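To start, the structure itself, in structure tokens.
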Amino acid sequence: MDDKASVGKISVSSDSVSTLNSEDFVLVSRQGDETPSTNNGSDDEKTGLKIVGNGSEQQLQKELEDVLMDPPIEDQSSDRDHGEDVRTDGDGEEPVVLEASASSTINPVSVAGLQKPEMSLPVKSSQGDCEDLSPFTPMTDEDSVVFSKLTYLGCASVNAPRSEVEALRMMSILRSQCQISLDVTLSVPNVSEGTVRLLDPQTNTEIENYPIYKILFCVRGHDGTPESDCFAFTESHYNAELFRIHVFRCEIQEAVSRILYSFATAFRRSAKQTPLSAIPTPQTPDSDIFTFSVSLEIKEDDGKGYFSAVPKDKDRQCFKLRQGIDKKIVIYVQQTTNKELAIERCFGLLLSRGKDVRSGDMHLLDLESMGKSSDGKSYVITGSWNQKSPHFQFVNEETPKDKVLFMTTAVDLVITEVQEPVRFILETKVRVCSPNERLFWPFSKRSSTENFFLKLKQIKQKDRKNNSDTLYEVVCLESESERERRKTTASPSLRLPQSGSQGSMIPSPPDDDEEEDNDEPLLSGSGDVSKECAEKILETWGELLSKWHLNLSVRPKTLSALVRSGVPEALRGEVWQLLAGCHNNDHLVEKYRILITKESPQDSAITRDINRTFPAHDYFKDTGGDGQDSLYKICKAYSVYDEEIGYCQGQSFLAAVLLLHMPEEQAFSVLVKIMFDYGLRELFKQNFEDLHCKFYQLERLMQEYIPDLYNHFLDISLEAHMYASQWFLTLFTAKFPLYMVFHIIDLLLCEGISVIFNVALGLLKTTKDDLLLTDFEGALKFFRVQLPKRYRSEENAKKLMELACNMKISQKKLKKYEKEYHTMREQQAQQEDPIERYERENRRLQEANMRLEQENDDLAHELVTSKIALRKDLDNAEEKADALNKELLMTKQKLIDAEEEKRRLEDESAQLKEMCRRELDKAESEIKKNSSIIGDYKQICSQLSERLEKQQTANKAEIEKIRQKVDDCEHCREFFNKEGRVKVATSAKDGSDEDTDEEKETLKNQLREMELELAQTKLQLVEAECKIQDLEHHLGLALNEVQAAKKTWFNRTISSIKTVTGVQGKETC
């Protein structure tokens, strides 16, 4: 099959892949009358493997079977002939979504054609010859596919890990902002138990790894966009509430589809493909009932770095948990009867409060480990229990002594021989105690065990698809408790329906978003606030601020009316500071800069709350980001500034609201003003006495304004402190949308803390009809979940604030109710039995004593720990001191050796200097001698030259005289021509030639004597030059000896000698 053809087919159905501990595929068609399930990107949406494409269900299934499955060898040629034929839906209507359900029930429908196929791409084994392999051809080994030449662009935190829109947005950001990229090789496993690995392409060493069960979503960039060559996957990082997205870029765009297909393969349950002849005959079971024993054990952090099993009360048969302690869930699954079934893996461990819980109400735990026990008899699954998650808030609230809570735990297992995944559900009782309570029952039972009866039906040979290992399908699953109840009530209660009823297995989608997230509270910091404002309103505020700045001590008359309509978002920072009286806050700013440098005794509580403050807001969601850093500093500074109150839970929300509108110094100043000048800190004093007074005032106002709701709350025993505590302590900032929160702060800073009563009554009045229909639990859930969500729309929030502003609550009335409260408290104190009062006081003192004992234990533990740490530090310091002493001794010895070497070198230097001085003196004497010789030679030469010149002049004069005489003599003229040369002699003139020859011989003798004298002079000159060369040779040897010493001072000395020698030589020359 052609590479590009196969890639094209894959890309039609592989834009995104999503799973959370994935399982078998289920085809869900979004056509006809079926309502698609909404996907808002939240963490609690239906999870599963999702491949989005175009076409009908039958076309998609056939494409996956025909294109993605490895064809037989004899059919490959025919496949090449029509490999370019990529089928899509001609109508181009609704897409088909391929999903893997993560609900609590078993999915009876599986696409047999999706059992683990082999890739039809021309893949060579990594052990074979890979010379002709293209850079993006996957290389398979025993259990993974390797993709080379990828670029890692980086990672980022995401809030919606299964939202395709969020993933594409982060992909675009990381691709455009990537400064430094990293070339990597990606290894994707072929089985769901494997691990995705990032490898260094040079050394093939592992850089990072991500287990498949922690990968939630995989997506590729859309065609036609710059991200078309990119893909990304999200993973659960550290715990189930922190998610990261990793983005990669491929050099060849077609490789993206191959990688996404490999992820889809890894997300599915493993199913080995074997030929029909190789399928063994299944062992005949004893019956169709398989019995499993499932045990639940809860472990808590013991403070020593280990987790210990919590005790179980013998009388109530409930686990006793401690409040606020980290916990783990351990599940032991053991088959007790019939032919042993192979548990392949666990793809989900879920937990929820209550019993008979719906699938959608259960929440996933972070899986830590799974596998066979040491003895091989049980399959053990361990999951971590995150105390910070809002889903598990019930374990952070102490249970009354006369009550217990129900907790439901579910574990989803994939059994190799069974077609569907199987869910075992355990319902247990728990009671949450104070963390200071001693829980020691040495002989108590520490686990809860339930027996389950799994009824299976054997699948016929002809009905099996893809030659998989699947032998059975589930008929029903029943626990021993359900069987006992069925025997007594004659009404069977089966956990799993018949496998043929597909419709019952797929939960119907919610009607709208409001119902879908009905059980999930609104995250703090939700909601967008636009800075857009009408020009007329801005002009009005601009005129008011101009007048106000002229006299900051007096508020403008029209200010109150404008604030009731809401301060424009762009002006809130300035207006809030003016309303709070922080226009001259230099002393608080300087104080703040000093306070942030000090240590806070409540640092751990502040750090814990920072991560839970406004997690839905971009400015505060990043751990260690600028928002959280500024928020931490403000809370820490206030805890040091106000030693009486310190840091109280809820202050971080108010500080976060202020930080969104002004720098941290100004935000701290406004926070101090609100706490002190507006009386918010009074609510935290004297055991919250003033806060209880506010509750009484609110109930009296309800009695006056909403009497029917007040009576209903009395009937269901719902008191104001159960729902209004957060309203007063956080000023509505903790749970409500930001648009409403900002408007409430506008009114509070303008009119005072009594505005809380107006807003509270407005909330109660607008929701009265719904609250009248609720019971105690329903009302609490309504206040916690539904009430904040009603005001996500700006229109509803505006109506509420208008109603709150129109309600007239006089200060006189509030003073009256406050007086009533104090009178009532005095009467209660007077009417109370002294014994009861003393008992209450005794209990309070005992609690304080226990708290102090716990603090003492903590301090003692800290002291011991610090002592151990100090002892360790001291040992390390002593070891370091010993090492330093040894090093010091070695250094001293080296110093002594260096000093000896220095003395030796100084002696050698002195000797060398003396030798150099002698040689220098000798050289100077030689130079003087040579200079004198040269001078004599020059003088001789000059004398000889003068003598030669005189002789030559005399010879010339003599020649001229002879020539004159010859010219005058007629007889001689015949023998010489005009040039003085001898004419040819004749026989007649032989007698005169003899005289001429004598004269010539005399002249030759004189010339020979002169030449001899000149030769002697030249010889003396040569001897002088030889002596000079000999002296220069001796000087060069002396210089070489000096150069061998290699000392800086000696080099300078030689340089000076050379300079002097050169100058003297020049002068001599």
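The values are calculated or read from the model by the stated rules, or taken from the named source; none is laboratory data. Worth saying up front: this structure is predicted, and the values here are computed from it rather than measured. No Cβ is skipped: glycine too gets one built from the backbone with ideal geometry, and neighbour counts run over all protein chains shown. Accessible surface is based on the protein model in full, side chains and every heavy atom, while ligands, DNA and RNA are left aside. Shrake-Rupley method; radii C 1.70, N 1.55, O 1.52, S 1.80 Å.
Values as computed for the structure displayed
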| quantity | calculated |
| --- | --- |
| Label-point gap, in nm, between LYS965 and VAL165 - each point 7 angstrom along Cα→Cβ | 14.0 nm |
| Positive minus negative residues near PHE742 (Lys, Arg vs Asp, Glu; Cβ under 13 Å) | -1 |
| Label-point separation in nm, CYS178 to GLU397, each point 7 Å along Cα→Cβ | 4.7 nm |
| Tail weight of P(r) past 22 Å, computed on alpha-carbon pairs of the range 147-259, percent | 28 percent |
| Environment charge at LYS867 (Cβ cut-off 14 Å; Lys +1, Arg +1, Asp -1, Glu -1) | -1 |
| Label-point separation in nm, LEU552 to VAL529, each point 7 Å along Cα→Cβ | 2.2 nm |
| GLU520-SER369 FRET efficiency (beta carbon distance; Förster radius 22 Å; 0.05 resolution) | 0.15 |
| Anisotropy class of the range 806-933 from Cα gyration tensor, a/c 1.5 cut | oblate |
| Shape of the range 365-404, Cα gyration tensor, a/c cut at 1.5 | oblate |
| Greater than 23 Å apart at Cα, pairs in LYS214/LYS621; LYS621/LYS789; LYS377/LYS429 | LYS377/LYS429 |
| Förster radius 60 Å - calculated FRET efficiency between GLU599 and GLU900, Cβ distance, rounded to 0.05 | 0.65 |
| Cα-based shape type of the range 616-658, given that a ≥ b ≥ c are square roots of the gyration tensor eigenvalues and the cut on a/c is 1.5 | prolate |
| Rounded accessible area per residue of the range 779-840, 1.4 Å, Å² | 68 Å² |
| Extension gain (nm, one decimal) between SER1056 and TYR619, 0.36 nm per residue minus Cα-Cα | 150.0 nm |
